[in-house]
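This report refers to the structure that appears directly beneath it.
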Amino acid sequence: MAIDGPSGAGKSTVARTLAERLGFAFLDTGAMYRAITWRFLERDCAPAECAAEPDHGHGRMRAVLADTPLALRAGRVFVGDRDVTSHLRTREVESQVSAVSALPFVRAAMRELQRRIAAVGPTVAEGRDMGSVVFPRARWKVYLDAAPSERARRRSRDFTDQGRAVGEAEVLDEILVRDRLDSTRVDAPLRQSPDALYVDTTGLTIDDVVGRLLSYVRGENDAAPSGS
Ligand code: DC
């Protein structure tokens, strides 16, 4: 099952819960892009630092990418044996992840790894290009959306839960910048597949959305994508 949508639309929680309910594996592809961004930061070759270099640091980034054995186990993200999960939601990572995820050589490596992971068994994969590019033949495709103000409210609450006070207005600005970068990049931009079920989660609870998607999987509802 492929679930796509912008930041704060509720994808992670919904996809994780749905995977548990269905007995499927859960693949959080945003965490993979965050992990490679963290790695570039650690090795001083993240895009913002390398902008002035003749190749924008791409040579060094390729070398670091090749030397980054990413693995996802039990909801944690590892680089080799190192659990990097707690580093993935920092503001440093957040400020550069859109630029990193726009790089075609990064996307190609992530795409290959995502396909290898999902080949193991039934999977709920969430991200930006799951239904459109990585798994175009997914059995079920969903596009989750929500009003920007609601997405900012949710992300601001996430930050508060992590002990970081970031106001909604600031989060909203960042969300709008990321939306623009993620949907205007050339390689695999954020876009709804025409055969995906569109769900606006504004004002809905996680349980509402999960219930709706379970009905879709079971083929019970009126919620089939138009055209299917
Ligand atoms: O879902 P998230 O906020 O953890 O995603 C982090 C970034 O990674 C986001 O800016 C877009 C990018 N991303 C992507 O380009 N393709 C994906 N399949 C998943 C995430």
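The values are calculated or read from the model by the stated rules, or taken from the named source; none is laboratory data. Just so it is clear, the model here is predicted, and its values are computed rather than measured. Cβ atoms come from the backbone with ideal geometry, glycine included; neighbour counts cover every protein chain shown.
Condition check for residue 142 on (1) away from the ligand (no atom under 12 Å from the Cβ); (2) among the β-branched types (Val, Ile, Thr); (3) modelled with pLDDT of 95 or more; (4) closer than 27 Å to residue 78 by Cα: one failure, at (4). Filtering region 72-84 to residues that are touching a residue at least 12 places away in the same chain (Cβ under 8 Å) and surrounded by 13 or more Cβ atoms within 10 Å (Cβ to Cβ) leaves 72, 77, 79, 84. Listed by position, the helices (runs of 4 or more DSSP H) contained in region 1-110 that have at least 3 residues being more than 16 Å from the ligand (Cβ to nearest atom) are 11-22, 58-66.
Residues in region 1-36 that are in contact with a Ser or Thr (Cβ under 8 Å, 6 or more places away or on another chain) and of a type in the set (Ser, Thr, Tyr): 33 alone.
Picking from residues in region 175-194 that are buried (at least 17 other Cβ atoms within 10 Å of the Cβ) and near the ligand (Cβ under 10 Å from one of its atoms), the one that is nearest to residue 216 (Cα to Cα) is 190. Summed over region 134-172, the residues that are within 19 Å of residue 189 (Cβ to Cβ) and aromatic (Phe, Trp, Tyr) give a count of 2.
Selection within region 91-127: residues that are of a type outside the set (D, E, K, R) and free of Cβ contacts under 8 Å to residues at least 40 places away in the same chain. The member of this set that is nearest to residue 25 (Cα to Cα) is 119. The sole residue among 71, 31 that is in contact with a Phe, Trp or Tyr (Cβ under 6 Å, 6 or more places away or on another chain) and closer than 25 Å to residue 2 by Cα is 71. Can you pull out every residue in region 112-144 that is of a type outside the set (A, V, I, L, M, F, W, C) and crowded, with 19+ Cβ neighbours inside 10 Å? Listed by number, the residues that qualify are 114, 123, 126, 127, 128, 129, 131, 132, 141, 143. Against the test of being under 24 Å from residue 26 (Cα atoms), in contact (Cβ under 8 Å) with a residue 40 or more places away in the chain and surrounded by fewer than 17 Cβ atoms within 10 Å (Cβ to Cβ), the options 214, 197 yield a single qualifying residue, 214.
Taken over region 90-123, residues that are in contact with a Lys or Arg (Cβ under 8 Å, 6 or more places away or on another chain) and aliphatic (A, V, I, L, M) amount to 3. For residue 214, the conditions (1) away from the ligand (no atom under 16 Å from the Cβ); (2) modelled with pLDDT under 90 are fulfilled apart from (2). In region 86-101, of all residues being surrounded by 15 or more Cβ atoms within 10 Å (Cβ to Cβ) and among the polar types (S, T, N, Q), the one that is farthest from residue 56 (Cα to Cα) corresponds to 90.
Within the set 115, 153, the sole residue that is assigned to a helix (DSSP H, G or I) and under 17 Å from residue 8 (Cβ atoms) turns out to be 153.
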